[in-house]
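The values are calculated or read from the model by the stated rules, or taken from the named source; none is laboratory data. Just so you know, these numbers come straight off a predicted model, no measurement behind them. Reconstructed Cβ throughout: ideal geometry from the backbone, glycine too, with neighbour counts over all protein chains shown.
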Amino acid sequence: MSAFFDAYALVGGLLIGLSATLLLLLNGRIAGISGICANLLSLSYSGKNIRGALFLLAMILAGGITYQLMGDAVAMPREGFPVWLLALSGFLVGVGTRLANGCTSGHGVCGLGRRSWRSLMATLCFMTTGILTVLILRISGVLV
Amino acid sequence: MNLKAIFASLFCGALFGTGLVVSGMTDPLKVQGFLDITANWQPALMWVMGGAVVVTAICFPLVLKRQQPVLTYRFHLPGMAPVDRRLLIGSGLFGIGWGLSGYCPGPALVTAAINASEAMIFIPAMLAGFWVAGSFCGECQPGTADQE
């Protein structure tokens, strides 16, 4: 088992929580990435979607810059991961978060903060199937 | 056009993306290590969710005491729908997808700037999933959306 405490993880988590809090305080919106992203598929140029698109754009750019700045503190990009597994995974993440109206951010971070019963159930649900899936990948030797 | 709200979105997005990378959430192997409850369990990412939820759990109730947000005229909050099959099946499928690759939506998008060869497969597949679920299972009912 690797080190129990991780300062980077904690600081990153606090930043995510701060971002979600500020978005709610300033714009009155829940920082749910799957929802913001899926709403863009409607291709409507509403103020909501423009702000959502800019949120995601800033997220991607700042993430990329941070990644470069962190140098050796972050892992090298993964290589050689099976394409079919990536595609299947992406599709399930898309369908699942749309049906559930939320992902790790909308249900996990924001929903739990709002003490939403639905979000607690959703979080327990995706944690459980996530753990089972990785277990199966390990046992079957896909992950080593 | 509400310029202040636009800047707020940009700022919050940048903060969110920075947090994802600093925390390690954008490292799919770390995420799979976190979900791996066998002898290899890597507990580090517990602190991400822990740190984020502590902040939202303390601050959200305070924010929501306000009549309205600072820059717009109302809060857009999910309604209080009951837990239903759609929520549980959806979350279950999401967890399977999350475990398979180690990506959830936020980190997957940021991966476009980190590991383009994986992002160019995962992101279109995820968008296809949004579209399929939205087209065949219908949009969520007004007032029951967990996010807007």
May I ask you to verify whether residue B:14 is buried (at least 21 other Cβ atoms within 10 Å of the Cβ), assigned to a helix (DSSP H, G or I) and within 7 Å of another protein chain (Cβ to nearest Cβ)? yes
Criterion violated by residue A:54 - all others in (1) over 17 Å from residue B:107 (Cα atoms); (2) at the interface with another protein chain (Cβ under 7 Å from one of its Cβ atoms) satisfied: (1)
Take the conditions within 7 Å of chain A (Cβ to nearest Cβ), more than 16 Å from the chain's Cα centre (by Cα), assigned to a loop (DSSP other than H, G, I, E, B) and surrounded by 15 or more Cβ atoms within 10 Å (Cβ to Cβ) and apply them to residue B:38. Does it pass? no
Restricting attention to region B:75-95, does a residue exist that is within 17 Å of residue A:87 (Cα to Cα), of a type in the set (A, V, I, L, M, F, W, C) and either in a helix (DSSP H, G or I) or modelled with pLDDT of 95 or more (or both)? yes
Based on what the data block shows, is residue B:8 over 16 Å from the mean Cα position of the chain (by Cα), surrounded by 24 or more Cβ atoms within 10 Å (Cβ to Cβ) and facing another protein chain (nearest Cβ under 7 Å)? yes
Being more than 7 Å from chain A (Cβ to nearest Cβ) and either touching a Gly at 6+ places or on another chain (Cβ under 9 Å) or touching a residue at least 40 places away in the same chain (Cβ under 8 Å) (or both) is the filter here; which residues of region B:79-102 pass it? B:79, B:80, B:102
Sole residue being assigned to a helix (DSSP H, G or I), modelled with pLDDT of 95 or more, among the hydroxyl-bearing types (Ser, Thr, Tyr) and buried (at least 21 other Cβ atoms within 10 Å of the Cβ), chosen from B:111, B:26: B:111
Within region B:57-76, restricting attention to residues that are within 16 Å of residue A:117 (Cβ to Cβ) and facing another protein chain (nearest Cβ under 7 Å), which residue is surrounded by the fewest Cβ atoms within 10 Å (Cβ to Cβ)? B:57
If I filter region A:48-70 for residues that are under 18 Å from residue B:77 (Cβ atoms) and in contact (Cβ under 8 Å) with a residue 24 or more places away in the chain, do I get at least one hit? yes
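Quick one: would you say residue A:89 is at pLDDT 95 or above and in contact with a His (Cβ under 8 Å, 6 or more places away or on another chain)?
Numbers: at pLDDT 95 or above: yes; in contact with a His (Cβ under 8 Å, 6 or more places away or on another chain): no.
Here the answer is no, as residue A:89 does not meet what is asked.
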More than 7 Å from chain B (Cβ to nearest Cβ) and aliphatic (A, V, I, L, M): is that true of residue A:36 in this structure? yes
